[in-house]
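A.B. asks: Quick one: the structure is below, and I'll ask about it shortly.
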Amino acid sequence: MTKNKTVKLNIFSENIYENWPVDELKFINIAKKILRYYMSKPDVYSASCLSGFDFDTISFDFLYCDSVKTHEINREYREKDYPADIITFAIFADSEEKFVFDGEINLGEVIIALDKVIEEAEKKQCTKEDELAFLISHGIMHLLGFDHQSEEDYNFVVGLQREALETIK
């Protein structure tokens with residue numbers, strides 16, 4: 001984060017998926033650790049949407065749902081007709097008129113389909129918790145303004161995610 005300054009993190013979550021009662025507090029704490037890791041890396045911080053702004057609080061939200069919901073959201077807001085495992089609305093990063101309100105930056109919202117998380121964990125032969133942490137780390141990268149349109153960008157994002165996840169084990 002910014003040098004010599006403690007930044008407060010307000011991360012909120014809601015789980016509307018009934019088949020997996022996610023330990024929301026655990027994953028909020030994981031998200032905080034991941035964000036702090038990303039922001040501790042000067043090259044990542046300087047390339048993020050936060051660079052150049054004065055703030056003391058960062059906030060964002062998680063919504064845990066199912067792929068029916070992400071399909072609806074994709075159709076309605078993104079004009080894409082398929083269910084997604086993750087959708088990120090990077091409000092701050094994508095805005096042309098970035099604003100800091102009372103020292104707080106609202107980065108946006110990460111929507112994760114937990115049924116897709118479970119499916120992907122089975123394919124990868126990992127725990128659903130590990131797969132969820134991977135998607136959380138991915139969503140945070142998008143909230144910070146990082147994308148992966150090229151193979152080089154994809155490798156950077158996924159490599160940084162892996163580094164961050166190693167630090168929380």
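A.B. asks: Give the residue, chosen from Lys80, Lys116, Lys69, Lys123, that is among the charged types (D, E, K, R), assigned to a loop (DSSP other than H, G, I, E, B) and either at negative phi or out of contact with any helix residue (DSSP H, G or I) (no Cβ under 9 Å at 6 or more places or on another chain) (or both).
C.D. replies: Residue meeting the stated conditions: Lys80.
A.B. asks: Could I ask something else about it? Is it fair to say Lys128 is of a type in the set (Lys, Arg) and under 20 Å from Asp23 (Cβ atoms)?
C.D. replies: Against the criterion (of a type in the set (Lys, Arg) and under 20 Å from Asp23 (Cβ atoms)), Lys128 qualifies.
A.B. asks: From the set of residues in the stretch 1-26 that are of a type in the set (D, E, K, R) and either closer than 15 Å to Ile112 by Cα or at pLDDT below 95 (or both), which is surrounded by the most Cβ atoms within 10 Å (Cβ to Cβ)?
C.D. replies: Glu24
A.B. asks: Continuing with the same structure: Looking at (1) more than 22 Å from Ala164 (Cβ to Cβ); (2) crowded, with 18+ Cβ neighbours inside 10 Å; (3) in contact (Cβ under 8 Å) with a residue 24 or more places away in the chain; (4) of a type outside the set (Phe, Trp, Tyr), which is the only condition Asn74 fails?
C.D. replies: Status for Asn74: all satisfied but (3).
A.B. asks: Can you pull out the residues in the stretch 99-122 that are within 16 Å of Ala84 (Cα to Cα) and over 11 Å from the mean Cα position of the chain (by Cα)? Explain how you work it out, then say what you get.
C.D. replies: Of all residues in the stretch 99-122, those within 16 Å of Ala84 (Cα to Cα) come to 109-121.
Listed by number, the residues that qualify are Ala113, Leu114, Asp115, Lys116, Val117, Ile118, Glu119, Glu120, Ala121.
A.B. asks: OK, next. Of all residues in the stretch 126-146, which are among the hydrophobic types (A, V, I, L, M, F, W, C) and either outside any helix (DSSP H, G or I) or farther than 30 Å from Lys98 by Cα (or both)?
C.D. replies: Matches in the stretch 126-146: Cys126, Leu144, Phe146.
A.B. asks: Of everything in the stretch 87-98, what is more than 23 Å from Leu114 (Cα to Cα) and either surrounded by fewer than 14 Cβ atoms within 10 Å (Cβ to Cβ) or out of contact with any helix residue (DSSP H, G or I) (no Cβ under 7 Å at 6 or more places or on another chain) (or both)? Give them in sequence order.
C.D. replies: Phe92, Asp94, Ser95, Glu96, Glu97
A.B. asks: Report whether or not Asp66 is over 29 Å from Glu129 (Cβ atoms), surrounded by 14 or more Cβ atoms within 10 Å (Cβ to Cβ), acidic (Asp, Glu) and modelled with pLDDT of 95 or more.
C.D. replies: In short, no.
A.B. asks: Quick test of your reading of the structure: Gln149 fulfils all but one of (1) in a helix (DSSP H, G or I); (2) free of Cβ contacts under 8 Å to residues at least 60 places away in the same chain. Name the failing condition by number.
C.D. replies: (1)
A.B. asks: Take the conditions within 18 Å of Leu114 (Cβ to Cβ), at pLDDT 95 or above and among the small types (Gly, Ala, Ser) and apply them to Ala84. Does it pass?
C.D. replies: Details: within 18 Å of Leu114 (Cβ to Cβ): yes; at pLDDT 95 or above: yes; among the small types (Gly, Ala, Ser): yes.
Judged against the criteria, Ala84 is a match.
The values are calculated or read from the model by the stated rules, or taken from the named source; none is laboratory data. This structure is a prediction, so every number in the text was calculated from the model and none was measured. Backbone-built Cβ (ideal geometry, glycine too); neighbour counts: all protein chains shown.
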